[in-house]
Amino acid sequence: MESVICLPAANPSLFSAEGFVGLIFLLTIGIIIFGAAVATTSRRLVRCVAGLAICFTGVAGIYYFLMSPFVAMMQMLIYVGAVSILIAFAVMMADPEDHHGTARAPVLASPLGAAVGAMLFAALTGMGLNTEWQVFDRRGGGTIKDVGVAFLTDYSMVFELVSIVLLVAIIGALVLARRGRS
Amino acid sequence: MDTSIWQPILYLIGIMAFAGLNAAYLGWCERKGAGHVQRRIGPKEVGPYGLLQPLADGIKLMTKQLLVPQGVDGILFRVAPILAMIPAITSMVAIPFSPNIQARSIDLSVLLIFALASIGMMAVLIGGWASNNKYAMISATRAVSQNIAYEIPMLIMVITVVMMTGSMNLEDIAAKQQGGFWNWNIFPVAGESVAQALIMPVAFLIFFICSIAETNRAPFDMAEAESELIAGHMTEYGSMGFGLFMMGEYLNIVVGACLTTILFLGGWDCPLGLLPGVWWFLLKIYILIFTFIWIRWTYPRTQIYKLLNLSWKVLIPFSLGILLLTAIFIKVEGFLI
């Protein structure tokens with residue numbers, strides 16, 4: 001994948017390469033925000049899951065934008081293809097669709113919620129704007145070979161630990177599923 | 001490669017036309033195939049040999065009203081058929097039809113196709129749930145559990161081929177198998193290790209079984225199993241909603257056949273190494289598609305638990321074994337033979 005080097009020009013025109021890349025970036029951000037909005041505001045749980053899947057797709061776009069196509073595709077494969085579907089499964093099994101929104105929320109709930117939300121937003125924005133972010137050097141080309149070499153050399157310990165966690169999870173799932181069977 | 005603006009537009013039109021024609025005419029092929037397997041003629045009234053039947057069906061489906069039954073989830077109900085179509089067409093971007101016919105050479109094209117295929121699974125799930133119908137619901141859960149189960153051995157087989165080639169680019173994988181059938185991944189006798197050649201036919205078989213199951217075709221069509229579930233997740237869909245699901249299914253078959261051809265059958269290579277080109281590629285994918293149709297109308301449907309057992313108890317252990325053996329053959333030079 002030839003990567004588009006996007007050094008922001010001072011004022012890129014919309015029809016230049018930088019302008020177009022910026023447009024795609026904004027589109028990706030738009031997808032993420034739209035997905036998140038659907039996921040949080042929808043009253044039907046399955047729609048929330050669909051919103052979550054849209055959000056994950058947008059995040060994959062951001063990874064692609066950061067020149068890590070491998071991570072972007074794994075994001076699609078794992079988060080859209082597996083995690084969202086797992087959540088959708090759980091929701092379908094658990095949720096009787098009929099009784100939602102019958103109980104009225106307490107009077108103070110919405111103003112308090114709004115206040116907490118505003119505070120959280122202010123705190124996170126302030127932190128984001130005031131922190132001096134440390135810029136890391138780019139390592140390798142983001143290709144699968146670089147990722148593989150990094151996993152098996154610099155980060156081999158982390159890699160092994162993750163596989164042990166996965167093994168424990170698999171065994172745990174087997175034990176739970178096996179219970180009650182002869 | 002030429003990077004003028006016309007190239008992507010040309011590929012866009014070409015891929016859309018290829019996808020549309022395949023989706024329409026594979027339906028005709030399937031009916032003819034089914035007819036001949038069952039000692040009937042199949043469609044014959046509309047045009048010579050019924051060749052205009054897909055056109056007539058298309059007009060019929062498009063002019064029908066798109067019914068949205070009461071009690072369904074309106075948005076998700078309308079989105080699902082579109083979602084079923086998108087990944088199948090999009091993944092054609094990454095498929096090399098011949099050395100010079102490929103919309104875009106992507107380093108991770110194998111991964112891209114599987115990443116897109118995971119959206120198709122979402123479409124079945126959403127369509128089944130949004131229909132608000134018990135049959136559709138059961139079908140959706142079945143389809144997803146089946147797809148998850150068969151994706152594992154399929155991906156392991158892909159990893160085996162990727163390990164042998166050392167690249168995730170479909171173009172490289174096909175380019176490495178050029179020069180006659182003895183170089184193809186299905187039986188690579190000319191490769192470094194003869195022992196590898198003995199296990200690759202099994203790998204091909206596993207991959208082919210998985211691609212039948214992944215595209216929800218009989219004998220693994222538990223998702224629509226019309227004798228138990230009416231039409232599964234498509235029960236509530238009429239007119240073009242149903243049409244889109246069917247087109248998505250046929251396009252998935254085309255993509256599956258293309259992948260099988262590239263990964264195991266040498267892509268655009270001629271069996272005897274003469275005149276490689278796009279026609280060999282098309283010939284191979286249509287032979288594979290014919291096999292799909294042939295298997296569908298010859299074998300009875302299995303049961304869902306037998307289907308899952310086949311994947312978890314047979315295909316996955318075998319594919320893991322093949323992966324391990326391949327790794328050993330690659331790493332240990334001169335192992336066995």
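Rule-based calculations on the coordinates, nothing more; no lab input. It should be emphasised that the depicted structure is a prediction, and the values quoted were computed from it without experimental measurement. When we count neighbours, we look across all protein chains shown, and the Cβ atoms used for this are built from the backbone with ideal geometry, even at glycine.
Key figures
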| item | result |
| --- | --- |
| Least to most buried among B:Val255, B:Val72, B:Val161, A:Val165 (fewest other Cβ within 10 Å first) | A:Val165, B:Val72, B:Val161, B:Val255 |
| Neighbour cut-off at most 15 other Cβ (10 Å), DSSP loop, trypsin sites (Lys or Arg not before Pro), the stretch A:17-74 | A:Arg43 |
| GNM result for chain B, Cα springs below 10 Å: residue of B:Ile293, B:Ile316, B:Ile13 fluctuating most strongly | B:Ile13 |
| Prolate/oblate/rounded label for the protein assembly as shown (Cα gyration tensor, a/c 1.5) | rounded |
| Dipole moment magnitude, nearest 20 debye, the protein assembly as shown about Cα centre, only Lys, Arg, Asp, Glu C-beta charged | 1400 debye |
| Length-normalised contact order for chain B - Cα pairs under 8 Å, 6+ apart - percent | 23 percent |
| Three-way shape call for the stretch B:49-167 based on the alpha-carbon gyration tensor, with the a/c threshold at 1.5 | oblate |
| Span per principal axis, largest first, for the Cα atoms of the stretch B:200-337 (Å) | 58, 41, 24 |
| Of B:Ala103, B:Val46, B:Ser139, farthest towards positive along the dipole that unit charges on Lys, Arg, Asp, Glu beta carbons give the stretch B:1-159 | B:Val46 |
| Lys/Arg +1, Asp/Glu -1 at C-beta; the protein assembly as shown dipole; positive extreme among A:Cys55, B:Phe77, A:Gly35 | B:Phe77 |
| Least to most buried among B:Leu315, B:Leu320 (fewest other Cβ within 10 Å first) | B:Leu320, B:Leu315 |
| Whole-Hz couplings from phi, Karplus 6.51/-1.76/1.60, listed for the stretch B:77-83; x for Gly and Pro | 4, 7, 6, 4, x, 5, 4 |
| Proxy reagent accessibility, fewest Cβ within 10 Å first, across B:Met240, A:Met93, B:Met16, B:Met164 | A:Met93, B:Met16, B:Met240, B:Met164 |
| Helix-derived mean residue ellipticity, 222 nm - over chain B, DSSP H n ≥ 4, -39500 (n - 2.57), to 500 | -21500 deg cm²/dmol |
| Among B:Met122, B:Met164, B:Ala203 the positive-end extreme of the charge dipole of the stretch B:99-226 (Cβ point charges) | B:Met122 |
| Share of Cα-Cα pairs in the stretch B:6-331 lying beyond 28 Å, as whole percent | 42 percent |
| Helix B:6-37 vs. chain B, principal-axis angle (Cα, 0 to 90°, nearest 10) | 70 degrees |
| Quarter of Cα convex hull surface for the stretch A:12-96, i.e. mean projection, nm² | 6.0 nm² |
| Cα-centred dipole magnitude for chain B, charges only on beta-carbon of K, R (+1) and D, E (-1), debye, nearest 20 | 780 debye |
| Shape call, the stretch A:141-182: gyration tensor on alpha carbons, a/c limit 1.5 | prolate |
| Net lengthening on full extension, B:Ile330/B:Gln303 (0.36 nm per residue, minus Cα-Cα) | 5.9 nm |
| For chain B, the longest site-free run once GluC sites (Glu not before Pro) in DSSP loop states with at most 15 other Cβ atoms within 10 Å are removed | B:46-191 |
| Mean-position separation - Cα centroids, the stretch B:162-239 and the stretch A:38-79, in angstrom | 28 Å |
| The stretch A:12-96, relative contact order [Cα under 8 Å, separation at least 6], % | 24 percent |
| Stretchable slack from B:Ile86 to B:His36, in nm (0.36 nm times residue separation minus alpha-carbon distance) | 14.8 nm |
